[in-house]
Amino acid sequence: MSISQIKNLNRRLDNLANEATCELDKVCGNELWRNLGFDAFDGLEDSERRSRANYYYGQLQTVREIQSVFA
């Protein structure tokens, strides 16, 4: 991979991470999930919100895993 391709990939991964973080803040209504992680979503009563939180948390974890390869 060229340096420009890596930079573009990193930029896209950052965008995905930012999107996931913003959506998780909205779904949870606060930023406590950042400290508690996946366990924070168990307390959500609405199954749709819990499902969205799980989706975006999975997306965020995938992005972090890919970014760790390039670090």
Give the angle, between 0 and 90 degrees and rounded to the nearest 10, that separates the Cα long axis of helix 47-70 from the longest principal axis of the Cα atoms of the chain.
20 degrees
Acute angle (nearest 10 degrees) that the helix 3-28 long axis makes with the longest principal axis of the chain, alpha-carbon atoms
10 degrees
Tell me what the chain gives for mean residue ellipticity at 222 nm when only DSSP H runs of n ≥ 4 count, each as -39,500 (n - 2.57), the sum divided by the residue total, rounded to 500 deg cm²/dmol.
-26000 deg cm²/dmol
Please list, by residue number, every one of the GluC sites (Glu not before Pro) in region 12-58 that is coil in DSSP and has at most 16 other beta-carbon atoms within 10 Å.
E31, E45
Extended-chain gain in nm, criterion 0.36 nm per residue less alpha-carbon gap, S47 and I3:
11.6 nm
Equivalent ellipsoid dimensions for the chain as semi-axes, Å, which come from the Cα gyration tensor, largest first
28, 10, 9
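Bear in mind these aren't lab numbers, they're just calculated from the coordinates by the rules spelled out. Here the structure is a predicted model, which is why all the values come from computation and not from measurement. Note that each Cβ is placed from the backbone with ideal geometry, even for glycine, and that neighbours are counted across all protein chains shown.
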